[in-house]
Amino acid sequence: MPEMTLPMQGRCRCGYLTIEITAPPLMTAACHCKGCQRMSGSAYSLTAMIPAQGFRVVAGEPVRGGIRGPQLDHYCCPECMSWVFTRITGGDAFVNVRPTMFDDANWAEPFIETMTSERLPWATTTARHSYKAFPPEAEFADLMAAFAASR
């Protein structure tokens, strides 16, 4: 995977909302679920799991959009409605950031792909690990270690 240079700032489509990451991702993923297809307007959503202490909103005020609680909250720009990041209930240690908010997202090649049971038949990724649903929670530590070793 290509290197990333930190800190890195990204923005929504209109530029109102600016985010910054100062820590490398714990893992990257592509989600093929119908909800992500609809939210992203694409075959899947791309995610970088960023440690919470390595993420902040620099400018603008995001609003909750798409799915809202109790399991997760999607955050969007109130002006252009770009889906910028997601916080998962109980996953306070990380924030799922949309890598395409950054000018260069080449570093965000998906390491895992989830919800392949809903994948469009022509949609493919280079992910090293594939799951029909989501990986069992017990596998996350090993997946994150394997991701870190691949960098």
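Each reported figure results from applying straightforward, stated rules to the coordinates on display, with no laboratory input. Keep in mind the model is a prediction, meaning the values are calculated, not measured. All Cβ positions, glycine included, derive from the backbone under ideal geometry; neighbour counts span all protein chains shown.
Here are some notes:
- Segment Thr124-Val57, extension gain: residue separation times 0.36 nm, minus the distance between their alpha carbons: 21.0 nm
- Debye intensity ratio I(q)/I(0), log10, the chain, q values 0.14, 0.20 Å⁻¹ (C-alpha model): -0.65, -1.42
- Shown for Ser82, Ser130: other C-beta atoms within 10 Å of each C-beta, ranked fewest to most, produce the order Ser130, Ser82.
- Springs between Cα atoms under 10 Å define the GNM used for the chain, and in it the highest mean-square fluctuation of Ala138, Ala29, Ala43 occurs at Ala138.
- Distance from the Cα centroid of the stretch 40-83 to that of the stretch 109-151 is 20 Å (rounded to whole angstrom).
- GNM top mover of Ala23, Ala133, Ala141 - the chain, alpha-carbon springs below 10 Å: Ala141
- FRET efficiency for the Asp92 to Tyr16 pair, using the beta carbon distance and R₀ = 30 Å, is estimated at 0.70.
- Most fluctuating residue given options Phe111, Phe140, Phe85, as computed from a GNM of the chain linking Cα atoms under 10 Å: Phe140
- Remark: relative contact order (the chain) = 26 percent; criterion is Cα-Cα distance under 8 angstrom and separation of 6 or more residues.
- When shorter helices are ignored and each DSSP H run of at least 4 residues is given -39500 (n - 2.57), the per-residue value for the chain at 222 nm works out to -3500 deg cm²/dmol.
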